[in-house]
Amino acid sequence: MIINRSQLLFTSLLLPLLAATLLCKAQTIITPGDNSFDKKWLKSGKYEMACFSLDGAGNKTEISTFIFEINAGNGPLSIYTTLKVPGSNDHWVDTSIIDGSTFKPIYRSSFSRNREMVLKYDKEVTGHHYDKHTKKRSTIKEPVKEAFFDNYSYPYLLGLLPLSSGYHADMAVYDYKPTNTSNVKKTLIEEVKNSLFVSPLTGEHKTWQVSVYEQATDEKSEYYIDKETRRLWKVEVFAKGQHILMVDKEIDFNPFKSTFDKTATLKLLKGGSAVISGEAFARDNQNEGALSGIAIVNINKKQYARAGTQIVLIPYTEFFKEWMKLNEASRKKGRAIPLPADVAECMKVTTVYDDKGHFEFVNLMPGDYMIYTEFGYVHTSIRSEATGYTDTYINGLYQSTYTHMTTNAYNGNASAAIKKVVTIKKEGEKVEIKLKKTL
């Protein structure tokens, strides 16, 4: 084969360029003790994430809740997680303890209905695995030949990395399974890019979307990590045809300035002898045409809330007033502020007990109360329509026109949402109210 000077020149220029390109694309290898981690992002706290299964149409079904607590003191970093399944008493409890300086794994345990596992990391990995279905117990003892992270703790370390658009890296991760030939697998941070997470409570958050592939599980995950705080807002997992979504429930969200006293609030509902009684109904004046706004006897009569309709009573405290004000402002932005769980437990509910919309609350103390209900009823609309005209002429000259009108009634479904603030001034007082809505 004959090689001319131009080919030699091309080769001499191309090979260094290819080598430089491959070097630039080489993955960063992250190991425990790596100075890539920025410990300023480490924070202790307790969080909850709702876990959903998504079908092909994007419909969500809640399957579990993850409650995780991070203790980031001066010593070891500990991560405790409890998985709860709705409607079940089953719990999955995991513990991971790692060195707070190097993030080298120290201890790992996992207890659930299906298995029990305990691992201790040192010069060897020792421990045991017990399958509760097969009753098979495996003793674990294997030498540590390379530096790695524990598979359970590494997701909490992603936010400590120098994330930026285009960042990518590899991590060696230990993930024990009795069927594995090797328990150390690669986890690949494939790419990082700009994204956005929109919270129903706190609005928009600029995030890094971190794409991760686990060789051990053959799963791909998308982590949405806050740029400013490194909080983990959302995780999407794609594995074996399944799409799993985990979202931060923001249990630490607290926009309130007022303090809530649960004991004192419950006392208002149970510690007195006052009574609030009344009737709930709607009066429908939604007519049309010439009858608009006019209440017609036997047509726009009282539409009583049906027996069994729920009536809710809430102590109208300063905390609840603040919640209403904040919620009203938040709804203008398309969001809602849920009542804290303690506040929601301080509501009293009764039901309408007859066909005349009557209800009653007892054992109340003096104070202000918000009473609220919603119910459906039959809306009768009266519509007047012109069906013809008669002109009057005298001696050939136009005098007037008479309009022939037809009035018809139309029935349809309607609903009423009613709220009213009621004050009990003294102990033992009996207050009667009309919980009504005029439409």
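Would you please name the residue that is nearest to residue 198 (Cα to Cα), looking only at residues in region 332-343 that are under 17 Å from the mean Cα position of the chain (by Cα) and of a type outside the set (D, E, K, R)? Ranking the qualifying residues of region 332-343, first place goes to 334. Somewhere in region 90-112, is a residue in contact with a Gly (Cβ under 9 Å, 6 or more places away or on another chain), at pLDDT below 95 and of a type in the set (Gly, Ala, Ser)? Scanning region 90-112 turns up at least one residue that is in contact with a Gly (Cβ under 9 Å, 6 or more places away or on another chain), at pLDDT below 95 and of a type in the set (Gly, Ala, Ser).
A quick yes/no check of all residues on (1) in contact with a strand residue (DSSP E or B) (Cβ under 9 Å, 6 or more places away or on another chain); (2) within 30 Å of residue 437 (Cα to Cα); (3) in the same structural domain as residue 341 (by TED's automatic domain parsing):
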position: 215; (1), (2), (3): yes, no, no
position: 219; (1), (2), (3): yes, no, no
position: 236; (1), (2), (3): yes, no, no
position: 256; (1), (2), (3): no, no, no
position: 273; (1), (2), (3): yes, yes, yes
position: 281; (1), (2), (3): yes, yes, yes
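Filtering region 79-89 to residues that are under 16 Å from residue 114 (Cβ atoms), of a type in the set (A, V, I, L, M) and in a strand (DSSP E or B) leaves only 83.
Does residue 126 qualify as being within 19 Å of residue 232 (Cβ to Cβ), surrounded by fewer than 18 Cβ atoms within 10 Å (Cβ to Cβ) and at pLDDT 95 or above? Judged against the criteria, residue 126 is not a match.
So in region 141-163, with the set limited to residues that are touching a residue at least 40 places away in the same chain (Cβ under 8 Å) and in a loop (DSSP other than H, G, I, E, B), which one is farthest from the chain's Cα centre (by Cα)?
147
Is it true that some residue in region 79-99 is assigned by TED's automatic domain parsing to the domain that holds residue 222, surrounded by 17 or more Cβ atoms within 10 Å (Cβ to Cβ) and over 26 Å from the mean Cα position of the chain (by Cα)? Yes; the residues of region 79-99 include at least one that is assigned by TED's automatic domain parsing to the domain that holds residue 222, surrounded by 17 or more Cβ atoms within 10 Å (Cβ to Cβ) and over 26 Å from the mean Cα position of the chain (by Cα). Looking only at residues in region 338-366 that are buried (at least 19 other Cβ atoms within 10 Å of the Cβ) and touching a Phe, Trp or Tyr at 6+ places or on another chain (Cβ under 9 Å), the one that is modelled with the lowest pLDDT is 343.
Condition check for residue 182 on (1) closer than 29 Å to residue 109 by Cα; (2) modelled with pLDDT of 95 or more; (3) among the small types (Gly, Ala, Ser): one failure, at (2). You will find that of 279, 190, the residue that is in contact with a Phe, Trp or Tyr (Cβ under 9 Å, 6 or more places away or on another chain), under 30 Å from residue 120 (Cα atoms) and either assigned to a strand (DSSP E or B) or among the small types (Gly, Ala, Ser) (or both) is 190 and no other. Among residues of region 54-78 being of a type in the set (S, T, N, Q) and assigned to a loop (DSSP other than H, G, I, E, B), the one that is nearest to the chain's Cα centre (by Cα) is 59. Looking across region 125-140, the residues that are in a strand (DSSP E or B), of a type outside the set (A, V, I, L, M) and in contact with an Asp or Glu (Cβ under 9 Å, 6 or more places away or on another chain) come down to 126, 128, 129, 130, 131, 137, 138. Quick check: is even one residue across region 332-346 under 17 Å from residue 418 (Cβ atoms) and in the same structural domain as residue 277 (by TED's automatic domain parsing)? The answer is no; no qualifying residue exists.
Yes or no, residue by residue, for (1) hydrophobic (A, V, I, L, M, F, W, C); (2) touching a Ser or Thr at 6+ places or on another chain (Cβ under 6 Å); (3) over 27 Å from residue 100 (Cβ atoms); (4) modelled with pLDDT of 95 or more:
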position	(1), (2), (3), (4)
154	no, no, no, no
174	no, no, no, yes
178	no, yes, yes, no
188	yes, no, no, yes
193	no, yes, yes, yes
197	yes, yes, yes, yes
213	no, no, yes, yes
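The values are calculated or read from the model by the stated rules, or taken from the named source; none is laboratory data. On a predicted model such as this, the values are computed, not experimentally measured, just so you know. When we count neighbours, we look across all protein chains shown, and the Cβ atoms used for this are built from the backbone with ideal geometry, even at glycine.
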